[in-house]
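> Take a look at this one; I'll ask things after.
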Amino acid sequence: MTAELVRGQNHPLSQARLEIRIAAGTPVVAGATLGDEHGTVHGVEWVVHPGAPTLPGLEVSRQAAADHRLAVDLGAVPEAVHRVHVLLALPSAGGPMRFGAVAAPFVAVTGLDGTELAGYTITGLDAESAVVALELYRRQGAWKVRAVGQGYAGGLTELLTDQGLPQAHQLANTIHEAVAQGLARAVTPPARTADGDRARQTATPAPAPEQGASATQGASGAVPPQPLSPYGTQPPGTPPQPTTPNGSSASGASQPASPYGAQGAPATGGTQPGATHVPADGSVAQPPAPTVGGPIDYSHPRRQNAAPPPPPPVAPPVQPGQPARPVAGDATGWSMDERLYNQVWGMFEDLARSTAAYRSAVDFADSRMEKELDAALADPRNRIGGQGDAAREAARAKHAQLVEQARAAYDRDLGQLTAESEVVEPALPLAYARWDNPVWHGYRVPFEAPMAVRLGDLHLPECPELRIPMLIRLPLERGLWIDSGAAGSLDGSFLDSHELHRLAMDTAVALAARLLAVHPAGDYTLHFIDPAGSGAQALAPLVWTGVLAAPPAVGAAGVADVLARLTERVDLVQMAVRGGAADSLPPGLDTSEQLLIVNDFPHGFDDRAVTQLRYLADEGPSVGVHLMMVADREEASAYGPLLDPLWRSLMRLTPVPDDHLADPWVGHAWTYEPALVPPGSQVVQQVLHRVAEARTKYT
């Protein structure tokens, strides 16, 4: 199953020999850097690029192209290398100069058989001309891939300098010179579809050398046979084939076109393998002849592509001059769930940008008024009398006008986003919907896991009424920590420790019930550690419906038993995956996703239990064991700094609204509100009863 990554997300790699496939809307330069455990590149010999396309375990294309295939053999990478960064850059001569002017590049990690392991669409780029797309890194002897998407407006020079390369400027010039020599062989791909979405096709393995053209005929005659590059590009040293406007070669021989610019023609008296495929039954499949002057069909005549995604919903017609009405699911995606997921995070980005622009405009107005007041008061003659008062009034009036204009533009954006939210929120599926959404009243246990789940809502102080769903991709890459030690809420009210702990437990139970409900029967297992039994009241819906794997573990003995079983499961699955023997697990092992909820940490935990908990937080997510903690960090301070890595590895959530979620993209502090069940609602109990019934039938 392909993992669709978002920025910062990682995914384990079960294979050492891989391909990294790149699809962009314009010719780009592809390369990679090798780094030590800190990511530092120690010299130009640690960089693979079009001018030096091979290093141990790596091979890249020799020219700029809209599609690339990078060959990777992690087993052949030197032991000193701990990180491999995949780079993309725009050529310095010709074409667009920034990624914001082209379609978002897509990068996929595939096996040699073409199976896509992880994909990442690099969004959010603007003025950047170079970007670190992916990072392959070692972790405890195994390799993982992380979606990075870090762009650099200063191009390759700034990117290489950031990775510690002292000769960054010289190497960047070398790369661009090598690209300029082969840029003529890069061909722009066919046009995008009408909705701008990239056609996602089933990946196919690279052609073998014997599948290429047997000879290439140029202006000076026949050229000795050249091996076909696994990236689909023309081999170095092969002269480009001149063509006439209708696509035929200048010498009169018909030439099949290639999207990668490789031109091939049969030699005299020979045949061209791959030009015509003869199946076992003797029938011959001929490629369709291109229409004169029309677009060229690059598809293989016998290769069937995956069915295209259904078209997005169409907005209803509006009066001329009126803005288009929002439609739920009008983003790109291969399913309605994916469309809605992309649309929600598009709303998040739009709100972030609009708020940043409004705040910037207000800051500009403030600074301008201060400068005008300082200038007016700098002249002693203006400090008293009507002239000084007039200057001050003019500065304040200009400030008010600028702020009013900024607020009007901001309110216009908020109105559009609010209208979109009113359409999107009722259309959300179970995993994305609030608990008061009517979709829960028709709940049925799903047959497949969703791509994401809702953890709560996000909003900003300028527009608290506009709530954006906080959607997190599944499976969880980080554990969750529900902080029961907050001192107060944003509205100024203070809650005692008992009330905060109750709200934290309600939040944990609501999240656990949601995770159970959105997974197929038997695919998600809950464990609960409650050493002192203080969470019994909040746990009642989970206990009474029987959806827990076992009664809540109490006391030090219960803590040790649960942690030992889950730690053993992580060890067994890790060894099976690394050894390529996933089908050799013990027959009684529960292979479903596991969620461990820990209450009142560190009560009931000794040093061994703390070490096991840290191990589960670090290694569990990669093999399907996830952690949710309900704890006050201050109460755990007695353990000293040993637990700091544990807290930092978890995503902190609060049981009351709190502006603790920082947005490094534009610098906002987003207010998080948990997804709690409305008071008096029985929806969680009804959903959990159906989950329990489905589990009974499943087992």
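The values are calculated or read from the model by the stated rules, or taken from the named source; none is laboratory data. Because the structure is predicted, anything quoted here is derived from the model rather than measured. In this analysis, Cβ positions are derived from the backbone assuming ideal geometry, glycine residues included, and neighbour counts consider all displayed protein chains. Surface accessibility is based on the protein's heavy atoms, side chains included, excluding ligands, DNA and RNA. Shrake-Rupley method; radii C 1.70, N 1.55, O 1.52, S 1.80 Å.
> Can you confirm whether the range 498-517 contains a residue that is assigned to a loop (DSSP other than H, G, I, E, B) and either of a type in the set (A, V, I, L, M, F, W, C) or at pLDDT 95 or above (or both)?
No, the range 498-517 contains no residue that is assigned to a loop (DSSP other than H, G, I, E, B) and either of a type in the set (A, V, I, L, M, F, W, C) or at pLDDT 95 or above (or both).
> Now a separate question. Of everything in the range 680-691, what is over 14 Å from VAL439 (Cβ atoms), open to solvent by 20 Å² or more (accessible area, probe 1.4 Å) and in a helix (DSSP H, G or I)? Give them in sequence order.
Passing the criteria: GLN685, HIS689.
> Those residues that are open to solvent by 20 Å² or more (accessible area, probe 1.4 Å) and in a strand (DSSP E or B), I need them from the range 594-610; list them, please.
ASP600
> Can you pull out the residues in the range 391-442 that are open to solvent by 40 Å² or more (accessible area, probe 1.4 Å), out of contact with any helix residue (DSSP H, G or I) (no Cβ under 9 Å at 6 or more places or on another chain) and among the hydrophobic types (A, V, I, L, M, F, W, C)?
ALA397, ALA408, VAL423
Here's the yes/no breakdown for (1) open to solvent by less than 60 Å² (accessible area, probe 1.4 Å); (2) of a type in the set (S, T, N, Q); (3) under 17 Å from GLU4 (Cα atoms):
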| residue | (1), (2), (3) |
| --- | --- |
| VAL81 | yes, no, no |
| PRO91 | yes, no, no |
| PHE99 | yes, no, no |
| VAL102 | yes, no, no |
| PHE106 | yes, no, yes |
| ASP113 | no, no, no |
| GLU116 | yes, no, yes |
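> Please note which strands (runs of 3 or more DSSP E) are completely contained in the range 1-107 and include at least 1 residues that are modelled with pLDDT of 90 or more and polar (S, T, N, Q).
Result: 17-35.
> Then there's this: Among VAL284, VAL278, VAL292, VAL314, which is the only one that is of a type in the set (Val, Ile, Thr) and modelled with pLDDT of 60 or more?
VAL314
> Considering only the range 324-343, state which residues are touching a residue at least 12 places away in the same chain (Cβ under 8 Å) and assigned to a loop (DSSP other than H, G, I, E, B). Write out each step before concluding.
Initial filter on the range 324-343 (touching a residue at least 12 places away in the same chain (Cβ under 8 Å)): 325-341, 343.
Passing the criteria: ARG325, PRO326, VAL327, ALA328, GLY329, ASP330, ALA331, THR332, GLY333, TRP334, SER335.
> Further, regarding this structure: Taking only the range 154-178 into account, find how many residues are small (Gly, Ala, Ser) and in contact (Cβ under 8 Å) with a residue 40 or more places away in the chain.
3
> Among the numbered criteria (1) open to solvent by 60 Å² or more (accessible area, probe 1.4 Å); (2) under 23 Å from ARG62 (Cα atoms); (3) within 26 Å of the chain's Cα centre (by Cα), which single criterion is violated by ARG139?
(2)
> The conditions are (1) at pLDDT 85 or above; (2) part of a helix (DSSP H, G or I), and ASP583 fails exactly one of them. Which is it?
Checking ASP583 against (1) at pLDDT 85 or above; (2) part of a helix (DSSP H, G or I), the one that fails is (1).
> Inside the range 622-658, can you point out the residues that are touching a His at 6+ places or on another chain (Cβ under 9 Å), open to solvent by 20 Å² or more (accessible area, probe 1.4 Å) and in a strand (DSSP E or B)?
Answer for the range 622-658, where residues must be touching a His at 6+ places or on another chain (Cβ under 9 Å), open to solvent by 20 Å² or more (accessible area, probe 1.4 Å) and in a strand (DSSP E or B): just ARG652.
> Sticking with this structure for a sec: Of the residues ARG569, ARG578, ARG565, which single one is over 25 Å from VAL684 (Cβ atoms), open to solvent by less than 30 Å² (accessible area, probe 1.4 Å) and of a type in the set (D, E, K, R)?
Details: ARG578 fails: open to solvent by less than 30 Å² (accessible area, probe 1.4 Å); ARG565 fails: open to solvent by less than 30 Å² (accessible area, probe 1.4 Å).
Step by step, each of ARG569, ARG578, ARG565 is checked, and only ARG569 is over 25 Å from VAL684 (Cβ atoms), open to solvent by less than 30 Å² (accessible area, probe 1.4 Å) and of a type in the set (D, E, K, R).
> Considering each residue of the range 397-415, count those that are of a type in the set (A, V, I, L, M) and touching a Phe, Trp or Tyr at 6+ places or on another chain (Cβ under 8 Å), and give that number.
Result for the range 397-415: 3.
> Name the one entry in VAL677, VAL666 that is open to solvent by 20 Å² or more (accessible area, probe 1.4 Å), part of a loop (DSSP other than H, G, I, E, B) and touching a Phe, Trp or Tyr at 6+ places or on another chain (Cβ under 7 Å).
Only one candidate qualifies: VAL677.
> Considering the range 22-53 alone, what residues qualify as being under 14 Å from LEU134 (Cβ atoms), of a type outside the set (A, V, I, L, M) and surrounded by 21 or more Cβ atoms within 10 Å (Cβ to Cβ)?
Residues satisfying the conditions are GLY31, THR33, GLY35.
> Looking only at residues that are of a type in the set (Lys, Arg) and at pLDDT below 75 in the range 369-401, which one is nearest to ARG359 (Cα to Cα)?
If we filter the range 369-401 for residues that are of a type in the set (Lys, Arg), which is where we start, we get 371, 381, 383, 392, 396, 398.
From what's left, at pLDDT below 75: 381, 383.
Working: ARG381: 35, ARG383: 31 Å.
The qualifying residue nearest to ARG359 (Cα to Cα) is ARG383.
> Do you know which residues across the range 532-568 are among the hydroxyl-bearing types (Ser, Thr, Tyr) and under 20 Å from HIS626 (Cβ atoms)?
THR567
> To continue, here is another question. Please specify each residue of the range 590-604 satisfying the condition of being without any contact (Cβ under 8 Å) to a residue 60 or more places away in the chain and more than 31 Å from the chain's Cα centre (by Cα).
PHE601, PRO602 - these are the residues of the range 590-604 that are without any contact (Cβ under 8 Å) to a residue 60 or more places away in the chain and more than 31 Å from the chain's Cα centre (by Cα).
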